[in-house]
Every structure is written in C-alpha cells, then in structure tokens.
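Working notes, structure below.
What follows draws every value from the coordinates through simple rules; no lab data is involved. Everything numeric here is computed off the predicted structure, so don't read it as measured data. With ideal geometry, Cβ positions are generated from the backbone for all residues, glycine too; neighbour counts draw on all protein chains shown.
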Amino acid sequence: MKKRRGMSPLLLIFLCLVVLVLGALYTGYSYLKEKYAGSAVAYSHNAIRNLNEEDFEYKIAKSFYSDEEWDTIRNNMITFEPQESTEPISEDGIEIQHITGSTYEGYIMVVHNPEDIFVAVNPNMDNGMPAPDLMDYVKKYNAIGGINAGGFEDAGGMGNGGLAWGIVIHEGKLISGNMNEYLPVIGIDSKNKLICANATAKQALEWGIKEAVTFGPVFISNYEVVYKEGDGNLPVLNPRTGIAQRGDGAFLLLTVDGRGPSSFGALYPDIVEIFRNNDAYMAANLDGGNSTAMIYKGEYVNTTVSMYNSRNLPTVFLVKGDK
C-alpha cells in the first residue's frame, strides 16, 4: 500500500505565517479606517488635522477620502449638505441642511417665509411650574418644526423651565424680567425682522419688538460681526443653538450636536462662521448645552444630549404648520 503523504511541516508553517500576516494587515487597516474614517466623525476629523504630512498614517488616512473631502477636513472648512431638494423649495418652505466642521456636526433649518416664525412661551411662566418640552410645544401649536430659545434658571442642571432668565416679551408685552435691565435681546418685530442687540426691555418694546427672549452673545448685526473673542462662556466645545436671518428674509435656525463621539461640539467662532457663510445679517446665540434641540415634521433632527430628548423649556422658536 502506498503511504499517504500529508502537508510538509515547512509548508504548514509558511501558510500559518501568511494567515498571521494577512490577519495583522487586515486588523491594522480596520483600526486605521475606524480611527480616521469611522463612526466617531469628530474624533476622526480632529485626528486628521493633527497628522503631519511625513507621517505614515497621513498617507493611509488620506486614502479613505477624495482630495476635496481631505482638503475640507484639513482646512477645517464647513460643509453643507442639503437633505431636501431645494429646486423647488418644499411645500412647507423649509430646507434642512446638514453641516460638519472639524469637531462637530449639526443642522440648519432654513425657513424661507419669515412670517412662519413665532415664539411660544411657557403658559405657567415664572410661577415655578414645569414648562413643556419642545415636542409638547410643537404639538400644542401644530407647528411643523422648532428649536429651543432663551435661557432659564438651572441651578445644578435641574431647572424645569419654569423660571425664565432675563427678558421675555410675548405679543408685545413684557411677561418676564425687568423693564430697565440691560441684556442681550433676541427678538422679532412687527415686520418679521430679527433684532439682536444688547438693550433694555423698554428699548426693545419701543423698537416694536413683539416677541423676544434673552441669551447671547449677539454674533452679527447688520452684516457686521460684533462678537469679540472671549465674550460669553468658557472657550470649550459644546452643543449650540442659534438663530439668524438672511438678507432675503429667510430665518436660519441652527443646532450643533456635542458631547458625543460623532460631534464634540462647537465654539462661538464656529457658529459665527456658519452664519457668515449663510449671508446672515443678524445672528445670535441661544441657550445650548443640554437644551439644544430641533424638531421637524414630528421628529428630532439633532441628537440631544439627554436620552429623554428635549428639556422643559420656558421659550421656543416655532415654525407654523398647515400651510
């Protein structure tokens, strides 16, 4: 009988080495792809910006992107990705744009008809009772969308939206705050124009402002950037909410996600640049952090910090529905 011959020990060792090498290469490739083009977008973009062109990983990371994408990330440029066709504009007159920067991603709701924007306030304003959350406001007023607005008393992060901070004007009347206190005012006048300025409630009412909230800082006034580096809170990455109006009258409602692996957050100069790139002639910062929330057509557009979505809010900017 012929003796059955098996695989030689040398060939077996060689094949095992090949498998080990291929496995190591695949593992390394997968690791680098997740690091530089993975699900944690903000982390990946930040890592790319810190690479030196001489680094081996620079060439590997660059292979995951087109030249245009690579230049955008390396130069920290903002990109806009309309999520709905703008030709023609949707029936409700709204566009949702996805934006990304080196440390953040967010959304702009472009409301083309300025008459569609209005402010809703806590019906139990300043009596200490919990305010509605953003979804409750949207449902109550049959709105098609909206974002959070002004600040509120929030000791220890436990505020319930019942006690608004600063000036709140509703239907042409001061319903919260001091008539002579000088604060950032973000309001809408009787001609549906956004007014962002440091003023007293008395001045705001004299200007014809019918709806207003308080937060800040003011970013842009009459196309001029009035924000100065260092104004406002500490220069840390955070979720952000903002509002602006373009030269053609369209309102820009902005939310930027933060405190997550796909979006660390943004700085105030980032928000200024976003609004400048969108032809904003008036713009201001609204309450951000845990309060940042945007809803469109009954769904949250952004990823809120809280697992329970929106917080209880004393004031919100809403967009009229049923057009």
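Data for the structure
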item: Restricting region 220-316 to GluC sites (Glu not before Pro) in coil, as DSSP defines it, with at most 15 other Cβ within 10 Å; result: 229
item: Packing-based order for 193-201, 173-181, 143-151, 236-244, using average beta carbon neighbours within 10 Å, highest first; result: 143-151, 236-244, 193-201, 173-181
item: Relative pair counts by distance (%), Cα atoms of region 134-228, 10 Å bins; result: 16, 42, 35, 7
item: Cross-link table 140/193; 33/139; 140/228; 139/228, entries beyond 31 Å C-alpha to C-alpha; result: 33/139; 140/228; 139/228
item: Kyte-Doolittle mean at least 1.0 and Cα axial length at least 15 Å: DSSP H helices in the chain; result: 9-37
item: Scattering curve values for the chain, log₁₀ I(q)/I(0), Debye with Cα scatterers, q = 0.06, 0.09 Å⁻¹; result: -0.27, -0.51
item: Radius ratio Rg over Rh of region 12-74, counting only Cα atoms, Kirkwood formula for Rh; result: 1.13
item: Gyration tensor (Cα) of region 182-323, equivalent ellipsoid semi-axes in angstrom; result: 23, 19, 15
item: Helix-only mean residue ellipticity at 222 nm for the chain, each DSSP H run of n ≥ 4 adding -39500 (n - 2.57), per residue, nearest 500; result: -7000 deg cm²/dmol
